[in-house]
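The block underneath contains the structure these notes are about, expressed in structure tokens.
The values are calculated or read from the model by the stated rules, or taken from the named source; none is laboratory data. Here the structure is a predicted model, which means the values were calculated and not measured. Here the Cβ positions follow ideal geometry from the backbone for every residue, glycine too, while neighbour counts run over all protein chains shown. Remember, those area values only see protein heavy atoms, side chains included, never the ligands or the DNA or RNA. Shrake-Rupley method; radii C 1.70, N 1.55, O 1.52, S 1.80 Å.
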Amino acid sequence: MSDSKLAGQFLDAAIGLLERVRDEESGNVAAAGAAIADTVAAGGRLFAFGAGHSSLAAQDVVYRAGGLALMNLLAVPGTLGVDVMPATLGSALERVDGLAGAVLDSSPARAGDLLVIISLSGRNALPVEMARDARALGLTVVGVTSVAYADATRSRHSSGGFLRDHCDIVLDSKIAVGDAELTAEGIEAPFAPASTVVTSALMQAMMAAAAERLVERGIEPPLLRSGNVDGGHEWNGRVMTEYADRIFYRQ
């Protein structure tokens, strides 16, 4: 069987986007890593939030082999993915005013913590208010979004603002409006989204930068090992015990 032309085109597009964020977002990645390291060193806690498919990149850095043990998922019920029925409910919840504030008020997040908010479009009420309200509480907010949406679409929040307008640090994923890298004759709709690939890479680059900054300060990064390698469970148990007051996914 011959190779797929379209599969190769998608991979080329994804690689091109990864090269762009490496070259154009390196300063912002470093700044985000430094902010995470500052929070860890100061005794703060780390949180990640995303709704819909944006939640995938948030979940990928929580309780993750090779990841920071202190990263917790800030979950909004009904918005984490397609496990909700109907799946369209999650999209509707992203547009509900006041939901973010209610979630933050009932969460362990407090002043001095750091929250990474992932939203491709950054135009819906949930990510906009999550960033705005988190900063008002005294959290450092890092946004991962596509700035192109703010330039080409209208905000769905009453303020007219986007996620990027309420963040201390913004990482631009460079994803084009519509999140589809390919078009082809005979296929009516554009297809092959790359946002998950790029956003997950930005998240892991951020974690790597944070680990680098912690080592520079003489602090051992609180990393988890794979439970599928010898000694992994013992290692993770030690890290989780040491940082138990900053890890919420075990409670």
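Quick notes on this one:
- If both residues of a DSSP beta bridge must be in the chain, then about 15% of such bridges are antiparallel.
- For the range 103-119, backbone nitrogen atoms closer than 14 Å to the point 7 Å from residue 251 Cα along Cα-to-C-beta are found at 104-111.
- From phi via Karplus (6.51, -1.76, 1.60), per-residue ³J(HN,Hα) for the range 154-167 in Hz, x at Gly/Pro: 9, 4, 9, 9, 4, 6, x, x, 10, 3, 4, 6, 10, 10
- Residues whose amide H falls under 5 Å from that of residue 44, counting only those 5 or more places apart or on a different chain, are absent, with hydrogens built in the peptide plane.
- In Hz, Karplus ³J(HN,Hα) per residue of the range 38-55 (6.51, -1.76, 1.60; θ = phi - 60°; x = Gly, Pro): 4, 5, 4, 5, 8, x, x, 10, 10, 9, 10, 9, x, 10, x, 5, 5, 5
- Difference of contour (0.36 nm per residue) and Cα-Cα distance, residue 216 to residue 6: 71.2 nm
- Cα centroid separation, the range 151-223 to the range 16-80 (Å): 10 Å
- If only the Cβ of Lys and Arg carry +1 and only the Cβ of Asp and Glu carry -1, the dipole of the range 136-229 around its Cα centre is close to 320 debye.
- Using only side-chain charges placed at the Cβ, +1 for Lys and Arg and -1 for Asp and Glu, the dipole size of the range 1-127 relative to its Cα centre rounds to 180 debye.
- A Cβ-based charge dipole, computed about the Cα centre of the chain with Lys and Arg at +1 and Asp and Glu at -1, lands at about 520 debye.
- Think of the range 12-144 as a dipole: +1 on every Lys or Arg Cβ, -1 on every Asp or Glu Cβ, centred on the Cα centre; then among 75, 31, 18, 75 lies furthest on the positive end.
- Residue separation of residue 159 and residue 208 scaled by 0.36 nm, minus their Cα-Cα distance, works out to 14.2 nm of gained length.
- Sequence-separation-based contact order of the range 75-200, relative, with Cα cut under 8 Å and 6+ spacing, percent: 20 percent
- Looking at the range 160-232, the accessible area is 50 square angstrom per residue; that uses a 1.4 Å probe and ignores ligands, DNA and RNA.
- Sequence-distant residues sharing a close amide H with residue 73 (under 5 Å, placed H): 48
- Accessible-area composition of the chain, carbon plus sulfur, in percent [1.4 Å probe]: 53 percent
- Estimated from the Cβ-Cβ distance and a Förster radius of 22 angstrom, the FRET efficiency linking residue 96 and residue 152 is about 0.40.
- In order along the range 4-17, the Karplus-derived 3J(HN,Hα) couplings, from 6.51 cos²θ - 1.76 cosθ + 1.60 at θ = phi - 60°, round to 8, 5, 5, 4, x, 5, 5, 4, 4, 5, 5, 4, x, 5 Hz, and Gly and Pro are given as x.
- Comparing mean-square fluctuations of 56, 89, 115 from a GNM of the chain with C-alpha springs under 10 Å, the top value falls on 89.
- Here is the list for the range 185-251: chymotrypsin sites (Phe, Trp or Tyr not before Pro) lying in DSSP coil, each with at most 13 other C-beta atoms within 10 angstrom of its C-beta, are 249.
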